[in-house]
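**Student:** This is the structure I want to talk about, given as structure tokens.
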Amino acid sequence: MASWASGFIEWRRSRNRKAIMKLKRTHDCGQLTRANVGEEVILNGWVDSCRNHGGLIFLDLRDRYGITQCQIDPATTVGGEEFKTESVVAVRGTVQPRPEGNVNRKRATGEIELMALECELLGPTKTIPFEIVDDSDTREDLRLKYRYLDMRRAPLTRAMVFRSEVTRIIREVFHAERFVEVETPLLMKTTPEGARDYIVPSRLQPGKVYALPQSPQLFKQTLMVCGLDRYFQICKCLRDEDLRADRQPEFTQLDMEMSFVEPDDVFAVIEKTVTRLWKELLGKDLPATFPRLSYREVMDRYGIDKPDTRFGLELQDVSAIAASCGFQVFSGAVAAGGSVRAIVVPGGAELGRKKIDALEAVAKTYGAKGLAWVKINADGFQGPVGKFLTEDELRAMMAKAGANTGDLMLFVADRNPVVYASLAQVRLALGRELDLIDKSRTDVLWVTEFPLFEYDEEAGAWFAMHHMFTMPSTPLPDRPGAAMADIHGKLYDLVINGNEMGSGSVRIHLPEVQRKVFELVGMGQEEADMKFGWFLRALEYGAPPHGGIALGLDRLVMVMLGYDNIRDVIAFPKNASGVCPLTESPSEPLGDTLDVLGLQLNPDFFKKVETEG
Ligand code: ASP
């Protein structure tokens, strides 16, 4: 086998001999079939494998279109040798049918092979640090460091090609619907989404910074004031949020905005786009319109605003019975304004103690003090709750929740947010554990009528649930306070198989309403003018009613492909620590970069913040 160095020297020699590419491909590696038998062709590609079978060399040549088997006889093939795996090679040869026993039905090119007449090493390679196989168990940071090798793996190549098809179809639909594709600035004023901005110091305006967009929200609304009527963009958004396994500091959105619309008009465009994507790329028919469930309904049924509706186990409210029962944990929760809700697991009386304990651990992670349970056995009730409730109370709860003999009932009694959050996760854990999720299904739905504001107990303040630009559907109170909890907005989320795919709303187009919302979330007039004065001014000059949405493109592609790692659908992602192992960014600033900007970095500052907690 040629070493990398000798391969390189040979490559340079041959380059010097001929400046042009002599063995330029006539076909790709996934193209040749029986129909080409007898033809002389040239293939270029990467050596997927090279096996020496007693003098005859079998070379599998790969490019993104497929793999073709080539036979090299070093005695007769010009330049024929055993090439190193992942080097780039050209093969000129004659297409011949494979003998019957050697046909590979799994490959498009499996009926033929190429009898090599001439080979040329186009790009030598060092020995690769990991194998290029579909199911790689190589640690992710190593794969990201050598991303160009990682991306040669079929699932990643497929993801990139698929993603490109997704954006092609999106553009086709949006152009057909008379949307205008507009690029909004990357260097902009602080954005309003709440999470942290990445900032870029300005050299020309010393002492000032730009922010990188967390979303083009205000620009797209301004485009409506411009009169563009229908805007879309496939754009990068950047959020300097705390790290989570599936979070990328930069991500891609399909962003859109429309004038003179109600939520239904936005839904129609997105429904057209999503149904077309599923039909064209996955061959699946989705309903022409997606079910609409109110926020209230999904919370009551699933405890979460992005429900996976591919399986049952819906939450059952047994508060009315619990309120008057003798079990203080239950009655006390209801008396304090909370609730008692249950999940009925059909046939769950079979579930062992270990599994129930594991479910309780899930509930506790989401704030519940415990997970009460009772098994409904043929010979009576079994489990902690059975001891505290009378038979009549238990029977009444069974009837309310639709439980039968052989079932298991799981309860959480607490403040409503805790009941919802914990039971929602217990439900999902059960769905996975009992294999109840029908993976062949695609459940797409709209969640509508979100509350406009939510109260953050820790911060002791009201926040906009989505963002501050959503039009309230009910009159606003004069002052911040509890009444804000009842204000709803024309807010909606698109949910696919339990994944939040995007959020949008009908916006505020009246400056006085916008000012009022700023005030209710605790932003004084001065602060509002400083941050959003330019935008408020735009609203004063003939702003049309408008609304829109943004979908997360990375997540959309991931869900369509059924992948579970967002990084597998992004070409050059950051790892879970926000680092790009390929380019080693972020890195220390080079040369006089900082001096030019009059900046100094102080990494000790972060250490200090950490130790001070
Ligand atoms: N700008 C919003 C976001 O990025 C989406 C929207 O309201 O259109 O979440």
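The values are calculated or read from the model by the stated rules, or taken from the named source; none is laboratory data. Given the structure is predicted, the values throughout are model-derived calculations rather than measurements. Neighbour counts are summed over all protein chains in view; Cβ atoms, including those assigned to glycine, are modelled from backbone coordinates with ideal geometry. Remember, those area values only see protein heavy atoms, side chains included, never the ligands or the DNA or RNA. Shrake-Rupley method; radii C 1.70, N 1.55, O 1.52, S 1.80 Å.
**Student:** Can you compute the charge dipole magnitude of region 396-461 about its Cα centre, using +1 on each Lys and Arg Cβ and -1 on each Asp and Glu Cβ, nothing else charged? Give it in debye, rounded to the nearest 20.
**Tutor:** Computed charge dipole of region 396-461: roughly 320 debye.
**Student:** Okay, helix-only estimate at 222 nm for the chain: each DSSP H run of n ≥ 4 adds -39500 (n - 2.57), divide by all residues, round to 500 deg cm²/dmol; what do you get?
**Tutor:** One gets -9500 deg cm²/dmol as the mean residue ellipticity at 222 nm.
**Student:** As a test question: what accessible area, to the nearest 10 Å², does F219 have when a 1.4 Å probe is rolled over all protein chains in place?
**Tutor:** 50
**Student:** Mind ranking 157-164, 396-403 by how tightly packed they are, going by the mean number of other C-beta atoms within 10 angstrom, highest first?
**Tutor:** Sorting 157-164, 396-403 by mean packing, highest first, produces 396-403, 157-164.
**Student:** So, one more: Order of 450-461, 131-142 by packing, highest average Cβ count within 10 Å first?
**Tutor:** Those peptides, ordered most packed to least, come out 450-461, 131-142.
**Student:** Indicate the gyration tensor shape class of region 167-317 (rounded, prolate or oblate), computed on the Cα atoms with a ≥ b ≥ c the square roots of the eigenvalues: a/c under 1.5 is rounded; otherwise a/b larger than b/c is prolate and the rest oblate.
**Tutor:** Note, shape of region 167-317 comes out oblate.
**Student:** Normalised by the number of residues in the chain, what is the relative contact order in percent for Cα pairs under 8 Å and 6+ residues apart?
**Tutor:** 12
**Student:** Could I ask something else about it? Loop only by DSSP, 15 or fewer other Cβ within 10 Å of the Cβ. Give me the GluC sites (Glu not before Pro) in region 151-209 that pass, ordered by residue number. If you can, show how the numbers build up before the last one.
**Tutor:** Details: sites: E165, E172, E177, E181, E183, E193; in loops: E177, E183, E193.
Those that pass, being in a loop and sparsely packed, are E177, E183.
**Student:** Normalised by the residues of region 448-520, what does the relative contact order come to in percent, with Cα pairs under 8 Å and at least six apart?
**Tutor:** 33
**Student:** Moving to a separate point now. Hey, with R₀ at 51 Å, roughly what FRET efficiency would D486 and E250 work out to, going by the Cβ-Cβ distance, to 0.05?
**Tutor:** So the FRET efficiency works out to roughly 0.85.
**Student:** Over 20 Å between Cα atoms: which of K236/K607; K189/K306; K236/K490; K272/K439; K284/K439; K354/K439 fall into that group?
**Tutor:** K236/K607; K189/K306; K236/K490; K272/K439; K354/K439
**Student:** Multiplying the sequence separation of S473 and E262 by 0.36 nm and subtracting their Cα-Cα distance, what value in nm do you get?
**Tutor:** 74.8 nm is the gain from fully extending S473 to E262.
**Student:** Can I ask one more? If each of T390 and E458 carries a label point 7 Å out from its Cα toward its Cβ, how far apart are those two points in nm?
**Tutor:** Computed distance between label sites T390 and E458 equals 4.4 nm.
**Student:** Carbon and sulfur atoms: what percent of the 1.4 Å accessible area of the chain do they account for?
**Tutor:** Working: 15930 of 30570 Å².
Taking all protein chains in place, the chain shows 52 percent carbon and sulfur surface.
**Student:** Any chance you could run the full-extension gain for E540 through E512? It's 0.36 nm times the residue separation minus the Cα-Cα distance, nm to one decimal.
**Tutor:** Gain in length upon complete extension: 9.2 nm.
**Student:** State, to one decimal in nm, how far the label point of F605 lies from the label point of Y148, with both points 7 Å from Cα in the Cβ direction.
**Tutor:** 3.7
**Student:** Shape verdict for region 297-356, please, from the Cα gyration tensor: rounded (a/c under 1.5), prolate (a/b greater than b/c) or oblate.
**Tutor:** On the way: a/c = 2.55, a/b = 1.26, b/c = 2.03.
In terms of gyration-tensor shape, oblate.
**Student:** Separate question: Considering the options I487, G498, P477, tell which one lies farthest towards the positive end of the dipole of region 459-524, charges being +1 on Lys and Arg and -1 on Asp and Glu at the Cβ, about the Cα centre.
**Tutor:** Of the listed residues, the answer is P477.
**Student:** Measure off 7 Å from each Cα along the Cα-to-Cβ vector at L281 and T365, then give the distance between these two points in nanometres to one decimal.
**Tutor:** 2.9
**Student:** Something else: Probe 1.4 Å, all protein chains in place: accessible area of S577 in Å², nearest 10?
**Tutor:** It works out to around 80 Å².
**Student:** To the nearest 20 Debye, how big is the dipole of the chain about its Cα centre, given +1 on the beta carbon of each Lys and Arg and -1 on that of each Asp and Glu? Provide the component values of the computation, followed by the final result.
**Tutor:** Numbers: 76 positive and 88 negative charges, 321 e Å.
Computed charge dipole of the chain: roughly 1540 debye.
**Student:** Continuing with the same structure: May I ask you to list the residues of region 60-93 whose amide nitrogen lies under 18 Å from a point 7 Å from Cα along the Cα→beta-carbon direction of M21?
**Tutor:** Residues 61-68, 86-93 fall inside that zone.
**Student:** When a/c reaches 1.5 or more, the comparison of a/b and b/c decides; with that in mind, is region 88-174 rounded, prolate or oblate per its Cα gyration tensor?
**Tutor:** The shape class here is oblate.
**Student:** Give me the accessible area per residue for the chain, probe 1.4 Å, as a whole number in Å².
**Tutor:** Per residue, the chain has 50 Å² of solvent-accessible surface.
**Student:** Go through region 248-337 and name the chymotrypsin sites (Phe, Trp or Tyr not before Pro) that are in a DSSP coil and have 16 or fewer other Cβ atoms within 10 Å of their Cβ.
**Tutor:** Of the chymotrypsin sites (Phe, Trp or Tyr not before Pro), the ones in loops of region 248-337 whose Cβ has at most 16 other Cβ atoms within 10 Å are F260.
**Student:** Does a label point 7 Å from the Cα of V37, set along Cα-to-beta-carbon, have any residues of region 83-115 with amide nitrogen under 14 Å, and which are they?
**Tutor:** So the set is 95-104, 110-115.
**Student:** Now a separate question. Given Cα pairs under 8 Å that are at least 6 residues apart, what percent is the relative contact order of region 407-505?
**Tutor:** It comes to 26 percent, rounded to a whole number.
**Student:** Starting from 0.36 nm per residue, how many nanometres of slack lie between M530 and L56 once their C-alpha separation is accounted for?
**Tutor:** On the way: separation 474, 0.36 × 474 = 170.64 nm, distance 7.57 nm.
Between M530 and L56, full extension yields an extra 163.1 nm.
**Student:** Can you check what the net charge comes to around W373, using other residues whose Cβ is under 12 Å from the Cβ of W373 (Lys, Arg +1; Asp, Glu -1)?
**Tutor:** Details: positive: R353, K355, K375, K387; negative: D357, E360, D407.
So the environment of W373 carries a net charge of +1.
**Student:** Additional query: Helix 154-176: angle to the longest alpha-carbon principal axis of the chain, degrees 0 to 90, nearest 10?
**Tutor:** On a 0 to 90 degree scale, this one is about 60.
**Student:** Determine the dipole magnitude for region 87-224: charges of +1 sit on the beta-carbon of Lys and Arg, -1 on that of Asp and Glu, nothing else is charged, the reference point is the Cα centre, and the result goes in debye to the nearest 20.
**Tutor:** Rounded to the nearest 20 debye, it is 460 debye.
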